[in-house]
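The values are calculated or read from the model by the stated rules, or taken from the named source; none is laboratory data. Model, not experiment: these values are computed from the prediction. Glycine also receives a Cβ, built like all others from the backbone with ideal geometry; neighbour counts cover every protein chain displayed.
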Amino acid sequence: MKRFAPTAVALVAACSIAHAQTRPASGPAALLEKMKPSLVVAQFTYDGELGRRELTALGIVIREDGLTIVPSEFTPRQMPDEQMKDFKLIIPGDEETEIECDLIGRDDRYNLSFILPKKKQTMTPLKFVAGNIGVGSAVRSVGMLPKSAGYQLYTYGANVAAMLRGPVPQVLVDGGGLTIAGSVVLDDTDQPIGIVNAQNDRIMVIGGRQIPLNDRPLSLDDPQNPNASIENPTRVFIPATDFMAVLNAPPSKEEPPRFPFIGVVQLTGLTKDLTEYYNLKGKVAVQVGDVIPKFSADRAGLKKSDIIVSVDGQPLERGDVPEEAPLIFTRHLARMAIGQKVTLGIITGPETPPKPVEVTLDERPAPPSRAKRFYAEDLGFTARDTAFEDTFGRKLAADAKGVVVAFIRPQSAAQTATLDNGDFVRQINQTPVTNVDQFKEQYEAFRKDKPKEAVVLEVLRGGNTQIIRIEPPRE
Amino acid sequence: MNFFRTSVALSLVVLAGCATDRGAGLRGFAATQPADPFPSATPQRVTDVTNRVFPAVVRLDVAEEVYENGKRSLQRGIGSGVIFDDQGRVLTNFHVAGRAVEIYITLFNKERVAAKLVGDDHWTDLAVVQLDMAEIAKKKITFSHADLGESASLKVGQDVIAIGTPFGLSRTMTLGIVSNNERTFYPRNETIDEYETGQFGNWIQMDTPIAPGNSGGPLVDLNGKIVGINTRGFSGQALNFAIPIDLARGVIAEIIRSATPDTKGRVTRADLGIVLKPLQDLESYYDIDINKGVLVNGVDRGSPAAVAGMKAQDILISIDGQPTNVRFPEELAGVRQRIAGLALDKPVKVMALRGGKPLELSMTPVKLESAVGEEREAKAWGFSVRDVTRAYANEQQLDDDKGVVVTSLTKGYAADKADINPGDVIRSIEGKPIEDLEAFEKIFKSLTAEKKAKVVLQVQRDRGVRTALLKVTY
């Protein structure tokens, strides 16, 4: 583990300064002191097939009871819910005290996850403001060093270099960049106005260029993680205006995040040439690649290749490049409410005038990370319940029965037998598979009865069936 | 790796047996006694065989048709071949000459002669090339040919000679032994570029050193007969592979029979759409007798087997009364050959077991298709396309086999600018559906003839459709 000498960062103790929102900027040292009560270490234990590992991130307290936000990269979308355990908050400087928490929700519309102490706390929240910044504005970010440096706070100063458009509005800064992903960004009056972005392709889109997916979960204590890099800081932050809405109405235990869904996929932003061809010169439009049967768009009569030109009478928002238009459109819809009625302006060809189509938003189907799992440890593979994207992606009926292989342990019996991640298991020992509970039941019953006999699975892979015989280890 | 350990053990045993044979093989090549089936590599015999076969081995310089960067272009290459009859026919690999539009052959006497592709078969990686006999006659060139032997009786440990033109170096012979006479790479599916290969035969594995350029050259026994065509190897690892001549013999005959002056010879094979899997270790699971039948691993969508109601995990017992027993991977090729040899469009009786109960099905074979369709360039638009075959549509889970698939793009041309990608399937042009490559070519020619500057395409990418507008500069 790389250590950061405390002297590497000039941390000068300073007398505390009152949290006065109108006061001009304090010095860096005073700012760190002021931030201290609101910045905590968020931690959870990954407990899965690969063993156990503690992951940590900088958390920002946003409510007196201790409700804390972390970047959603801390709890990656692909990480199963059931493998994230023992959420805690740790107060820097008082690492002995660990506050037990629950993960309230992952809201990927705002790229934030919410952690709430199990017992009510009295903490000092940060209040984000919309801010009033433009190119040239001075900003300052406050981040946290890893455990090896005592979770001390540190700060960088920078100036706004560009205000970027895109699916997520971002602010580019110059100079030395910003502190680690998830850090607080403050304006020149010390008002919190944004959060440092993680370098994830889902949100790191500049001019249509996407940074390759970083699938390592964000962790303060992972020196290899680019999102936690102190030596090579990121240069973009998300302004608070983008996520203020969710801070004002955060999810709760009783009401976890639920997302609306229109049921169209593979949207394409029309190029300049195509907008001219469709007589939409100067307008933003997206073309529907496919319509998912039975979801709201299908019920409303949308067809593949239809072109969406407006939402509720308003033209579509422009990105920097046409490729961003579909991302902006879907993000816009995702922030609406389930059941909300939306009127889309649709054209079907160059000569057809726009016609309004009213769509009632459905709820987005649950992702695979919520699916129940079963680890067949002796054979070295995990099966999980199917999610919507499993059946849709394989062109199967939405109610197709089976389980999906979600993990193969290297050098395991399953790997030797050529079982693959993503295989859709339809039968186990010639018994049709319905869900992971039934699969587990079948598997365990067989194992109990015949501990050393091979398991035979019928799986779907790329549209073809494969029969896979997995022989258990002899010992 | 087990693979290497097994090979070493096998070689040691075989070499011990070989030492005895070497003593017995000193009778010499020209002996009048009955031919020794496994003569050994005595210095005299090796030189005799070399002298006999060398004159039949040729070097091929080919210009091969390739489609890249949206254009058809010619790519130069070299390989080996062997003249196998007195009519000047040369046997080589598909991957040497199968896509050649221009071939020159350098004979033993260093004369260079033009040649023409008679036909090819990527499934077995073979091609037949014809020397330009008019040129031969005109230049009064002589040549000799080597005889086709038989590969069924090849023994592991038997001495063999590989002859070819490695790296273009003229006729080179190397000596080695047969390391395995029924090599299969199952469950791996071998390909030549994207073309399927190896499903209908097992390879001869030998330790005879070969290198790029040896491809297409003969593997001969110590009686001087061709027993295989050298095809591939792991460079520097004494793991090399040849196509057995018994497999090649039928392919040669079919290529020659089907070729016309205007069309290349091809091997027509039948297909039922059944993916087979050896039953080894699964007999007790399915409660069947050992060495009875073959497991149906999968059934291609829309195939004759699917139409007839065959399902994965059926046990295929026989086709038209002929047993289809596959216990080990090495036996797969034989059953695939049997299916390939069925008459097209004539129903066959298929016996199977499902859940232990007998099942009789009738299915009508269709012509076996490659997933790689015919390819053309649409130069003015800046891309090359291939026909969408039934096999490609199955592989890619397309709804049907209509359309053409984009294979490559020319940077800066209309298709590139319109964000067309390789893999996109063109479904319609200017509102007219594109059924196949022929329909595509027709509309492409017509629109380019009228110099149409704006062309609207409807393409499918993954599950979605999108419109693309080509702004064409002529």
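Per-structure values
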| read-out | value |
| --- | --- |
| Residue match in the range B:152-175 (condition: β-branched (V, I, T), in contact with an Asp or Glu (Cβ under 8 Å, 6 or more places away or on another chain) and free of Cβ contacts under 8 Å to residues at least 40 places away in the same chain) | no |
| Restricting the range B:291-311 to residues that are more than 12 Å from chain A (Cβ to nearest Cβ) and part of a loop (DSSP other than H, G, I, E, B), the residue that is surrounded by the most Cβ atoms within 10 Å (Cβ to Cβ) | B:G293 |
| Looking only at the range B:438-473, and only at residues there that are basic (K, R) and within 11 Å of chain A (Cβ to nearest Cβ), the one that is surrounded by the most Cβ atoms within 10 Å (Cβ to Cβ) | B:R466 |
| Subset of the range A:455-469 [more than 7 Å from every other protein chain (Cβ to nearest Cβ) and more than 35 Å from the chain's Cα centre (by Cα)] | A:V455 |
| Any pair with Cβ under 8 angstrom, 6 or more apart, that starts in the range A:278-297 at a residue that is at positive phi and ends at one that is in a loop (DSSP other than H, G, I, E, B) | A:N279/A:P350; A:N279/A:E351; A:K294/A:G263; A:K294/A:A398 |
| Criterion violated by B:L276 - all others in (1) within 30 Å of B:L91 (Cβ to Cβ); (2) away from chain A (no Cβ under 13 Å); (3) not in a loop (DSSP other than H, G, I, E, B) satisfied | (2) |
| Any chance B:G233 is under 15 Å from B:Q130 (Cα atoms) and either at pLDDT 95 or above or not assigned by TED's automatic domain parsing to the domain that holds B:I319 (or both) | no |
| Test for B:Q396: is it within 14 Å of chain A (Cβ to nearest Cβ) and under 23 Å from the mean Cα position of the chain (by Cα) | yes |
| Wholly enclosed strands (runs of 3 or more DSSP E) of the range B:1-116 bearing at least 2 residues touching a Phe, Trp or Tyr at 6+ places or on another chain (Cβ under 9 Å) and either at pLDDT 95 or above or within 30 Å of B:D419 (Cβ to Cβ) (or both) | B:57-68, B:71-83, B:89-92 |
| Selection count, the range A:141-160, where residues are over 19 Å from A:I62 (Cα atoms), in contact (Cβ under 8 Å) with a residue 60 or more places away in the chain and either within 26 Å of the chain's Cα centre (by Cα) or not assigned by TED's automatic domain parsing to the domain that holds A:M35 (or both) | 7 |
| The range B:318-339 - residue that is surrounded by fewer than 19 Cβ atoms within 10 Å (Cβ to Cβ) and in contact (Cβ under 8 Å) with a residue 40 or more places away in the chain and, of those, nearest to the chain's Cα centre (by Cα) | B:Q337 |
| Wholly enclosed helices (runs of 4 or more DSSP H) of the range A:237-326 bearing at least 2 residues touching a strand residue (DSSP E or B) at 6+ places or on another chain (Cβ under 7 Å) | A:272-277, A:296-300 |
| Residue tally, condition crowded, with 21+ Cβ neighbours inside 10 Å, among the aromatic types (F, W, Y) and within 14 Å of chain B (Cβ to nearest Cβ), over the range A:419-454 | 1 |
| For A:D385: the one exception among (1) closer than 28 Å to A:I470 by Cα; (2) in contact with a strand residue (DSSP E or B) (Cβ under 6 Å, 6 or more places away or on another chain) | (2) |
| Qualifying position, being surrounded by 21 or more Cβ atoms within 10 Å (Cβ to Cβ), farther than 22 Å from B:I83 by Cβ and touching a residue at least 60 places away in the same chain (Cβ under 8 Å), among B:G198, B:G228 | B:G198 |
| Residue in the range A:338-385 that is farthest from A:K272 (Cα to Cα), counting only those that are acidic (D, E) and in a loop (DSSP other than H, G, I, E, B) | A:D378 |
| So A:K401, is it more than 19 Å from A:G301 (Cα to Cα), loosely packed, with under 14 Cβ neighbours inside 10 Å, in contact (Cβ under 8 Å) with a residue 12 or more places away in the chain and over 20 Å from the mean Cα position of the chain (by Cα) | no |
| The listed residue being in the same structural domain as B:V53 (by TED's automatic domain parsing), surrounded by fewer than 19 Cβ atoms within 10 Å (Cβ to Cβ), among the acidic types (D, E) and over 20 Å from B:D86 (Cβ atoms), out of B:E102, B:E135 | B:E102 |
| Candidates B:L368, B:L353 - the one that is touching a strand residue (DSSP E or B) at 6+ places or on another chain (Cβ under 6 Å), at pLDDT 95 or above and either away from chain A (no Cβ under 14 Å) or at positive phi (or both) | B:L368 |
| Some residue of the range B:412-430 being farther than 22 Å from A:G289 by Cβ and over 31 Å from the mean Cα position of the chain (by Cα) | yes |
| Unmet criterion (only one of (1) over 22 Å from A:A240 (Cβ atoms); (2) surrounded by fewer than 22 Cβ atoms within 10 Å (Cβ to Cβ); (3) modelled with pLDDT under 95) for A:T56 | (2) |
| Of residues in the range A:222-255 being modelled with pLDDT under 65 and aliphatic (A, V, I, L, M), the one farthest from A:L103 (Cα to Cα) | A:I230 |
| B:D287 vs. criteria buried (at least 21 other Cβ atoms within 10 Å of the Cβ), under 21 Å from A:V455 (Cβ atoms) and either more than 11 Å from chain A (Cβ to nearest Cβ) or in contact (Cβ under 8 Å) with a residue 12 or more places away in the chain (or both) | no |
| A:G143, sole failed condition from (1) in a strand (DSSP E or B); (2) farther than 29 Å from A:K253 by Cα | (2) |
| Residues (in contact with a Gly (Cβ under 8 Å, 6 or more places away or on another chain) and either surrounded by 17 or more Cβ atoms within 10 Å (Cβ to Cβ) or free of Cβ contacts under 8 Å to residues at least 60 places away in the same chain (or both)) located in the range B:249-263 | B:E254, B:I255, B:R257, B:A259 |
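Table: residues versus (1) at positive phi; (2) modelled with pLDDT of 95 or more; (3) not β-branched (V, I, T).
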| position | (1), (2), (3) |
| --- | --- |
| B:V275 | no, yes, no |
| B:D289 | no, no, yes |
| B:G293 | yes, yes, yes |
| B:A306 | no, yes, yes |
| B:L344 | no, yes, yes |
| B:L359 | no, yes, yes |
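Rundown of residues vs (1) free of Cβ contacts under 8 Å to residues at least 12 places away in the same chain; (2) within 14 Å of chain B (Cβ to nearest Cβ), yes/no style:
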{"residue": "A:Y375", "(1), (2)": "no, no"}
{"residue": "A:G380", "(1), (2)": "no, no"}
{"residue": "A:A383", "(1), (2)": "no, no"}
{"residue": "A:F388", "(1), (2)": "no, yes"}
{"residue": "A:T391", "(1), (2)": "yes, yes"}
{"residue": "A:K395", "(1), (2)": "no, yes"}
{"residue": "A:V405", "(1), (2)": "no, no"}
{"residue": "A:S412", "(1), (2)": "no, no"}
